[in-house]
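Enquirer: Let me give you the structure first, and then I'll get to my questions.
The values are calculated or read from the model by the stated rules, or taken from the named source; none is laboratory data. Since the structure is predicted, the reported quantities are computational estimates derived from the model, not experimental observations. No Cβ is skipped: glycine too gets one built from the backbone with ideal geometry, and neighbour counts run over all protein chains shown.
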Amino acid sequence: MAKRRRVANLLALSVLTVVAERPMHPYEMASVLRARGKDRETPIKWGSFYTVVRNLEKHGLIEATESTRQGGRPERTVYRITAVGREEAEDWTRELLGTPEREHTGFEAGLSVMAGLDPDEVTALLRRRLALLRDRIAVQRANLEVERGEIPRLFLIESEYALTMSMAEEAWTGALLAELTIGTFPGLDQWQGYHQTNQLPPTMADLMARDRAARGYPDEPERGRPDGDGMGERGGLAG
């Protein structure tokens, strides 16, 4: 289980990491993060950025060392990392790198209830998603190529990871789309039949019952019967 952090926003870890290099004022912190492409994974918005900086100071993870003013510009406070802040940054990094965390996505949630839509519509939606994924991958590749000529790989490794994950999702989505298009997806006829008749086939009903029992869900009235829900809600196939 992830530890409870004094300032849980992941942007806080990015700030601690750059301030660990040398004392900086907030504008310089943001500039360094942007120069390294970190704003792509963690968008930097000035209001929330200054809130993170203030919270880090409040919890003793960074501290002000001096305030400077140049010309008519607003006064800038320079911060440095504290011993507690350095320990927090190192411990947090170790946790993120060494401990796999179950990360639920919207796509996963959509897949879990896709039986509520007609297979033809799901196929069309996946085809659209695949096209958007390929556009994203093209942009990620182009950005990475440019940045590789300007930024050390050490500061681009998360961009490589993001590209790899996008490519993996593209491959998996393409394979699922192929099954639906060719007609080799198991139970496709029953799924289609449900949307045509609004009645759950017995074989699928049995499968759902076993699935619910394995997950420890309570029994439900038999699907498609007057005393049940009659599959009135399209999400019923999801179990």
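Enquirer: Of the residues that make up region 49-63, is at least one at pLDDT below 90, assigned to a helix (DSSP H, G or I) and exposed (fewer than 12 other Cβ atoms within 10 Å of the Cβ)?
Expert: Checking region 49-63: not a single residue is at pLDDT below 90, assigned to a helix (DSSP H, G or I) and exposed (fewer than 12 other Cβ atoms within 10 Å of the Cβ).
Enquirer: Within region 140-185, take every residue that is of a type in the set (Val, Ile, Thr) and at pLDDT 95 or above and give me the one that is surrounded by the most Cβ atoms within 10 Å (Cβ to Cβ).
Expert: Residues of region 140-185 that are of a type in the set (Val, Ile, Thr), as a first pass: 146, 151, 157, 164, 173, 181-182, 184.
Going one step further and asking which of them are at pLDDT 95 or above, we end up with 164, 173, 181-182, 184.
Details: 164: 11, 173: 18, 181: 12, 182: 9, 184: 9.
The qualifying residue surrounded by the most Cβ atoms within 10 Å (Cβ to Cβ) is 173.
Enquirer: What is the residue count in region 79-115 for residues that are modelled with pLDDT under 90 and basic (Lys, Arg)?
Expert: The total comes to 1.
Enquirer: Sort out which residues of region 91-120 are part of a helix (DSSP H, G or I), out of contact with any helix residue (DSSP H, G or I) (no Cβ under 9 Å at 6 or more places or on another chain) and without any contact (Cβ under 8 Å) to a residue 60 or more places away in the chain, and write them in order of number.
Expert: Kept after step one, since they are part of a helix (DSSP H, G or I), are these residues of region 91-120: 91-98, 106-112, 114-116, 119-120.
Subset that is out of contact with any helix residue (DSSP H, G or I) (no Cβ under 9 Å at 6 or more places or on another chain): 91, 94-95, 97-98, 106, 108-109.
Selection gives 94, 97, 98, 106, 108, 109.
Enquirer: Next question. Looking at region 66-77, can you tell me whether even one residue there is modelled with pLDDT of 90 or more and either aliphatic (A, V, I, L, M) or assigned to a helix (DSSP H, G or I) (or both)?
Expert: Just the residues of region 66-77 that are modelled with pLDDT of 90 or more, to begin with: 77.
From what's left, either aliphatic (A, V, I, L, M) or assigned to a helix (DSSP H, G or I) (or both): none.
The answer is no; no qualifying residue exists.
Enquirer: Right, something else. Just need a number here: residues in region 2-59 that are touching a residue at least 60 places away in the same chain (Cβ under 8 Å), within 24 Å of residue 162 (Cα to Cα) and aliphatic (A, V, I, L, M).
Expert: 4
Enquirer: Might you check whether a residue that is more than 24 Å from residue 66 (Cβ to Cβ), of a type in the set (Gly, Ala, Ser) and in the same structural domain as residue 80 (by TED's automatic domain parsing) occurs anywhere in region 31-39?
Expert: So in region 31-39, the residues more than 24 Å from residue 66 (Cβ to Cβ) come out as 36-39.
Checking which are of a type in the set (Gly, Ala, Ser) leaves us with 37.
Going one step further and asking which of them are in the same structural domain as residue 80 (by TED's automatic domain parsing), we end up with 37.
Within region 31-39, one or more residues are more than 24 Å from residue 66 (Cβ to Cβ), of a type in the set (Gly, Ala, Ser) and in the same structural domain as residue 80 (by TED's automatic domain parsing).
Enquirer: I need a count of the residues in region 95-130 that are farther than 27 Å from residue 190 by Cα and surrounded by fewer than 10 Cβ atoms within 10 Å (Cβ to Cβ).
Expert: Here is the first cut: in region 95-130, the residues farther than 27 Å from residue 190 by Cα are 95-105.
Still in the list and also surrounded by fewer than 10 Cβ atoms within 10 Å (Cβ to Cβ): 97-98, 100-105.
Number of matching residues: 8.
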